[in-house]
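Here is the structure we will look at.
Every read-out reported here was derived from the displayed coordinates using simple, explicitly stated rules and does not represent laboratory data. What you see is a predicted model, and the numbers here were worked out from it, not measured in a lab. Positions of Cβ are generated from backbone atoms using ideal geometry, with glycine treated the same way; all protein chains shown enter the neighbour counts.
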Amino acid sequence: MPLITREDKHAEITLLSEKFGRSKAAFLVDFKGMDVESVTKLRKTLKPIQAEMKVVRNTLAIRALSDHPTMKPALEDKFVGTNAVIFAFEEPSATAKALATFGKDVEAFQLKSGVMDGAALDANGIQALAALPGKNELRAMMLGVLSAPMTKFLGTLQAAPAGFVRVLNAQKEKLEKG
């Protein structure tokens, strides 16, 4: 592995710190044993959902976490072995879902831990987060809940004139017969 200078280390720490600061959640994964093709596939999967994978040096990542006291306790002691951090910049549940799905396909990929809103997530917590509906699904559910009373109200409003027309029609038929 090439030697990196103090300036390179400082730049890497600054970059990681900025990414930790922008992310809504961060997931720590072990990618040891994965081939380049699998890593590339994972990166391509993450890009459309505004997530990013960054292979990190453990010591530099721990230093970058110093600027983020809510994340540091959740991740600090997990940086052992070969690690990559997955930064979820938009929707943590979509990122967790993508990671869980990818983990089923690639045996070498291992979810280690994560952090969201300062709360530590273990592999089971990440799986639970992956099971949650996405932002668009939640919006559709909310829209359905909000539109239901209006739909019933409109049905009630339409029922009154229709009932009146039926009464008038019945009266007309009665008059025609008799």
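Based on the alpha carbons, how large is the Rg to Rh ratio for region 135-178 when Rh follows Kirkwood?
Rounded to two decimals, Rg over Rh is 1.45.
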- Query: Which entry in [x] 8.9; [y] 11.7; [z] 16.2 matches mean projected area of the Cα convex hull in nm² derived from the coordinates of this structure?
  - Reply: [z]
- In whole Å, what is the distance between the alpha-carbon centres of region 95-160 and region 55-76? 28
- Ranked output for segments 121-127, 135-141, 152-158 by mean other Cβ atoms within 10 Å, highest leading, reads 121-127, 135-141, 152-158
- Karplus couplings for region 154-161 from phi (6.51 cos²θ - 1.76 cosθ + 1.60, θ = phi - 60°), rounded to Hz, Gly and Pro as x? 5, x, 5, 4, 6, 5, 4, x
- Can you give the charge dipole size of the chain about its Cα centre, rounded to the nearest 20 debye, using +1 on the beta carbon of Lys and Arg and -1 on the beta carbon of Asp and Glu? 700
- Task: Would you compute, from DSSP H runs of 4+ residues alone, the mean residue ellipticity of the chain at 222 nm, taking -39500 (n - 2.57) per run and dividing by the full residue count, rounded to the nearest 500?
- Result: -19500 deg cm²/dmol
- If you take the C-alpha gyration tensor of region 46-112, multiply each eigenvalue by 5 and take the square root, what semi-axes do you get, largest first, in whole Å? 21, 15, 10
- Which shape class applies to region 1-99: rounded if a/c is under 1.5, otherwise prolate when a/b exceeds b/c and oblate if not, where a ≥ b ≥ c are the square roots of the Cα gyration tensor eigenvalues? oblate
- Message: When only alpha-carbon atoms are used, what values of Rg and Dmax, in angstrom, describe region 116-157?
- Response: 17.1, 53
